[in-house]
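**Q** Pasting a structure below so you can have a look.
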Amino acid sequence: MEQKLQLGERTCTVTATSAEADGTRRIAVDGREYAVVVRSARPGVFDVVVDGRPASLHVARGPEGTWVGFAGRTRLVREPETATRRRGARAGGAGGGTVTPSFPSVVVAVLVSVGDEVRKNQVLVVISAMKMEARLVAPHAGTVRAIRAAVGASVKPGDVLVEIEAAKGEAVDG
């Protein structure tokens, strides 16, 4: 598998092999190869061994891409095309009339009710993961048609938390 990723202003080519019998994957970044084994994973944290050295990899998705913390450094990683295009609802929208989280999290607050009129970029839901809070906003102006989020609920990417019917004449992202 080969993929282009943007690290800051630099675009890198990343390739990865399928896991070998011992769980090792060969991952190359711009031709430099690493032997990587994932020992365990929990939401947002991977305990890994890279070239024989144990480490923790912290991952959090946000509206601008994926933040990765490794070896004392945190970097924003994204696909090159996401650097220039805007996605549906900032901080986790799936586009169209739905609002979804970008990373596994817990719902901290639901700030709207069914039938509420909302404006574009109005905060609808607040989620939290790994002491990071994200505010999920309306992708466009309209009326809240459904709320599928409850305070305290665990949610994951792809879960629809709010559905919005676009206002007449409103352009819909996504």
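**Q** Based on the Cα gyration tensor of the stretch 93-166, what are the three equivalent ellipsoid semi-axes, each the root of five times an eigenvalue, rounded to whole Å and given largest first?
**A** 19, 11, 10
**Q** Looking at T17, V36, S56, which one has the Cα that reaches farthest to the positive end of the dipole of the stretch 2-83 (charges on Cβ: Lys, Arg +1; Asp, Glu -1)?
**A** Ranked along the dipole, the leading option is S56.
**Q** Among G52, G158, G69, whose mean-square fluctuation peaks in a Gaussian network model of the chain (Cα, cutoff 10 Å)?
**A** In this elastic network of the chain, the residue with the biggest mean-square fluctuation among G52, G158, G69 is G52.
**Q** Quick one: Kirkwood hydrodynamic radius for the stretch 2-83, alpha-carbon pairs, angstrom, one decimal?
**A** Computed over Cα pairs of the stretch 2-83, the Kirkwood hydrodynamic radius comes out at 13.5 Å.
**Q** Please work out how many pairs of lysine residues in the chain are eight or more positions apart (or on different chains) and have Cα atoms closer than 27 angstrom.
**A** Taking the chain as the scope, the lysine pair count is 5.
**Q** Select from the stretch 3-57 those GluC sites (Glu not before Pro) which occupy a DSSP coil region and have at most 15 other Cβ atoms within 10 Å, ordered by residue number.
**A** Answer by residue number: E9, E20.
**Q** Based on the alpha carbons, how large is the Rg to Rh ratio for the stretch 1-46 when Rh follows Kirkwood?
**A** 1.03
**Q** When N is the residue count of the chain, what does its C-alpha Rg come to as a fraction of 2.2 N^0.38 Å? Each step should come with its number before you reach the end.
**A** Working: Rg = 18.6 Å, N = 174, 2.2 N^0.38 = 15.6 Å.
Against the empirical 2.2 N^0.38 Å value, I get 1.19 for the chain.
**Q** Using θ = phi - 60° and the Karplus relation 6.51 cos²θ - 1.76 cosθ + 1.60, list the HN-Hα couplings for the stretch 16-29 in order, rounded to whole Hz, with x at every Gly or Pro.
**A** Once θ is set to phi - 60°, the couplings for the stretch 16-29 become 9, 9, 5, 5, 6, 4, 8, x, 6, 10, 9, 10, 10, 10 Hz.
Here, each number is a calculation from the coordinates, and none is a lab measurement. Remember, it's a predicted structure, so these values are computed and weren't measured experimentally. So basically every Cβ, Gly included, is an ideal-geometry build from the backbone, and we count neighbours across all protein chains shown.
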